[in-house]
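Working notes, beginning with the structure itself.
The values are calculated or read from the model by the stated rules, or taken from the named source; none is laboratory data. Computed from a predicted structure; not experimentally measured. All Cβ positions, glycine included, derive from the backbone under ideal geometry; neighbour counts span all protein chains shown. Note: areas computed on protein heavy atoms with side chains; ligands, DNA, RNA excluded. Shrake-Rupley method; radii C 1.70, N 1.55, O 1.52, S 1.80 Å.
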Amino acid sequence: MTISRFLTFTLAALLSLLLSGCGYNDFQRLDEQTKSAWSEVLNQYQRRADLVPNIVATVKGEAAFEQDTLTKVVEARAKATSIQVTPETLNDPAAFSKFQAAQGELGSALSRLMVVSERYPDLKANQGFRDLRVQLEGTENRITVARNRYIQTVQEYNVLTRSFPNNLTAMIFGYQVKPNFSVQNEAQISTPPVVDFNKK
């Protein structure tokens, strides 16, 4: 074997090692997993949004029910469904945050509706409302599971993006760290609740 052939062979082997270790295929795999996990989150949010009109229609049958609570649910649903979500949303922290805030408002409005509904015995006894409530609880659980999967996938992607030598591949191909879900009221929930058993 001549020296030039040996150098060519060595250079080819070195290049193939460098290319296989650059992480390009890992970026493709994790980017697709992130999009897939995000689609499942959207699917569950859509399921919740689809339940809202049925819940509102059922609750409207209770003549004395607070209209303000119903109005807030309807408005929150309209706001949450009006935000256009595209694959680019995953790479735009501002759009992602806006979408997350709208979904949080809808979740809060639905929670208030469920709490207020406890004061209406006829509504609580309504089988249709009970069924819708169970479906909503199941949907909220599915949203939590889907969000957790998304969070894990984004974490994997972001670690790959920031780790050496893959961060060089990320810079060359323009892969950015993806935003993840955050808590809207982090300061509030970090304060432990005060429990007082003293009767007044």
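Round to the nearest 0.05 the FRET efficiency obtained for Glu140 and Gln28 when R0 = 35 Å and r is the Cβ-Cβ distance.
On the way: r = 33 Å, r/R0 = 0.94.
About 0.60, to the nearest 0.05.
Positive end of the dipole of the range 1-141, charges at C-beta (+1 Lys, Arg; -1 Asp, Glu), about the Cα centre: which of Cys22, Leu136, Ile55 has its Cα farthest in that direction?
Most positive-ward Cα: Cys22.
Taking the Cα centre of the range 101-146 as origin, sum charge times position over the Cβ atoms of Lys and Arg (+1) and Asp and Glu (-1), and report the length of that vector in debye to the nearest 20. Let's see the in-between values first.
Working: 6 positive and 6 negative charges, 14 e Å.
So the magnitude is around 60 debye.
Out of the total accessible area of the range 37-92 (probe 1.4 Å, heavy atoms of protein only), what percent is carbon and sulfur? Could you put the intermediate results ahead of the total?
On the way: 1410 of 2900 Å².
Using a 1.4 Å probe with all protein chains present, the range 37-92 comes out at 48 percent carbon and sulfur.
Over 22 Å between Cα atoms, which of Lys35/Lys72; Lys98/Lys124; Lys79/Lys178; Lys35/Lys178; Lys35/Lys98 qualify?
Working: Lys35/Lys72 31 Å; Lys98/Lys124 34 Å; Lys79/Lys178 24 Å; Lys35/Lys178 11 Å; Lys35/Lys98 18 Å.
Beyond 22 Å: Lys35/Lys72; Lys98/Lys124; Lys79/Lys178.
Please give the contour-minus-distance gain from Asp92 to Gln127: 0.36 nm per residue of separation, less the Cα-Cα distance, rounded to one decimal in nm.
Working: separation 35, 0.36 × 35 = 12.60 nm, distance 4.29 nm.
Contour length minus the Cα-Cα distance gives 8.3 nm.
Using per-residue counts of other Cβ atoms within 10 Å, averaged over each peptide, order 142-155, 115-128 from highest down. If you can, show how the numbers build up before the last one.
Numbers: 142-155: 16.8, 115-128: 13.2.
Result, highest mean first: 142-155, 115-128.
Per residue, how many Å² of accessible area does the range 76-152 show with a 1.4 Å probe?
Working: 4280 Å² over 77 residues.
Dividing the accessible area of the range 76-152 by its residue count gives 56 Å².
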